[in-house]
1. Is it true that some residue in the range 19-39 is part of a loop (DSSP other than H, G, I, E, B), modelled with pLDDT under 90 and either out of contact with any His (no Cβ under 9 Å at 6 or more places or on another chain) or closer than 28 Å to Ser159 by Cβ (or both)?
2. Taking the range 1-31 as the region of interest, how many residues are free of Cβ contacts under 8 Å to residues at least 24 places away in the same chain and open to solvent by less than 70 Å² (accessible area, probe 1.4 Å)?
3. Among the numbered conditions (1) in a loop (DSSP other than H, G, I, E, B); (2) under 17 Å from His130 (Cα atoms); (3) within 14 Å of the chain's Cα centre (by Cα); (4) not β-branched (Val, Ile, Thr), tell me where Leu53 comes up short.
4. Considering only the range 110-145, how many residues are in a helix (DSSP H, G or I) and either open to solvent by 40 Å² or more (accessible area, probe 1.4 Å) or at pLDDT below 85 (or both)?
5. Please determine, by comparing only the residues of the range 214-236 that are touching a residue at least 40 places away in the same chain (Cβ under 8 Å) and of a type in the set (Val, Ile, Thr), which one is surrounded by the most Cβ atoms within 10 Å (Cβ to Cβ).
6. Could you please give the count of residues in the range 146-170 that are modelled with pLDDT of 85 or more, open to solvent by less than 50 Å² (accessible area, probe 1.4 Å) and under 21 Å from the mean Cα position of the chain (by Cα)?
7. Phe52 passes all but one of (1) touching a Cys at 6+ places or on another chain (Cβ under 7 Å); (2) over 30 Å from Glu151 (Cα atoms); (3) crowded, with 22+ Cβ neighbours inside 10 Å; which number fails?
8. Go through the range 186-213 and count every residue that is modelled with pLDDT of 85 or more, assigned to a loop (DSSP other than H, G, I, E, B) and surrounded by 11 or more Cβ atoms within 10 Å (Cβ to Cβ).
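The values are calculated or read from the model by the stated rules, or taken from the named source; none is laboratory data. From a predicted model like this one, the values you see are computed outputs, not experimental measurements. Note that we place each Cβ from the backbone using ideal geometry, even for glycine, and neighbour counts take in every protein chain shown. Accessible surface areas use protein heavy atoms only, side chains included; no ligands, DNA or RNA. Shrake-Rupley method; radii C 1.70, N 1.55, O 1.52, S 1.80 Å.
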Amino acid sequence: MTILIVDDEERDRLWLKDLLINNVPSCGNIEEAQDGENAVKLAASLHPALVFLDIKMPKLSGIKAAELILKSAPETGVIMLSNFSDEVYVRQLWKIVPPNGAFGYLLKNASDEQVIEATKAVLSGDCWIHPGIARVIQRTQNKATNLTNAEYEALICISLGLTDHSIANHLYITEKAVQSRLKSLYTKLGIPGRSESQEIDYNQRCRAVYIATKRGLINQSELEEWEAKMFEVKTATKTTQRLGE
């Protein structure tokens with residue numbers, strides 16, 4: 001059996017490697033990588049039973065690396081290592097893990113005992129979630145507070161400063177549909193409607209971005225990634241239009 005540890009901090013890799021060698025007798029061969037790109041390459045050649053992935057790494061994030069690894073080898077166990085309990089990372093992980101996949105989510109302040117427990121759980125085909133993000137998990141599974149993909153897209157768009165008209169053009173929907181999504185988004189974020197009397201009058205868009213940031217639903221890297229995608233689509237569309245003229 002092979003275990004792959006992927007982290008851009010050598011100190012963290014060595015700590016985890018020593019911990020596994022001393023406490024998980026069945027860990028077998030342990031390999032290391034310092035970025036997401038090398039992780040994908042090594043996983044393809046080594047076929048590890050378990051991969052530890054740091055969330056934030058150069059070249060390719062842990063989430064993206066996990067997505068590529070699981071796409072070619074869905075039976076691989078994955079444990080994400082993070083300093084963050086942001087909901088955005090939990091949402092991303094939920095999207096890429098196969099329905100019957102074995103995975104874990106560990107905060108880097110986890111105790112040695114928790115790391116060992118998570119390792120054994122995932123190796124046995126189970127899942128393990130750090131207690132520190134249990135509340136986030138519950139919220140993502142609650143239909144009253146969990147955002148749909150459509151609502152999340154609307155949140156991203158207003159966070160990037162897009163108008164209703166721009167959002168409609170980008171998502172290929174009507175402005176009325178945009179307003180419907182935003183209304184649903186505001187409700188799930190607990191933002192009062194304009195007709196509701198409140199001591200403090202909020203700008204609903206600004207309030208939504210504030211609450212989403214506070215909850216960890218969005219962060220700078222996520223917004224930058226979405227903005228880059230939008231730019232690519234816009235550029236491709238303009239190129240197609242020029243070719244058609």
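1. The answer is yes, given that some residue of the range 19-39 is part of a loop (DSSP other than H, G, I, E, B), modelled with pLDDT under 90 and either out of contact with any His (no Cβ under 9 Å at 6 or more places or on another chain) or closer than 28 Å to Ser159 by Cβ (or both).
2. Filtering the range 1-31 down to residues free of Cβ contacts under 8 Å to residues at least 24 places away in the same chain leaves 11, 13-15, 17-18, 21-22, 25.
The next check asks that each one be open to solvent by less than 70 Å² (accessible area, probe 1.4 Å); those that pass are 13, 17.
Final tally of qualifying residues: 2.
3. (1)
4. Result for the range 110-145: 16.
5. This residue is Ile218.
6. Summing the residues that are modelled with pLDDT of 85 or more, open to solvent by less than 50 Å² (accessible area, probe 1.4 Å) and under 21 Å from the mean Cα position of the chain (by Cα) in the range 146-170 gives 10.
7. With respect to (1) touching a Cys at 6+ places or on another chain (Cβ under 7 Å); (2) over 30 Å from Glu151 (Cα atoms); (3) crowded, with 22+ Cβ neighbours inside 10 Å, Phe52 is out only on (1).
8. Qualifying residue count, the range 186-213: 2.
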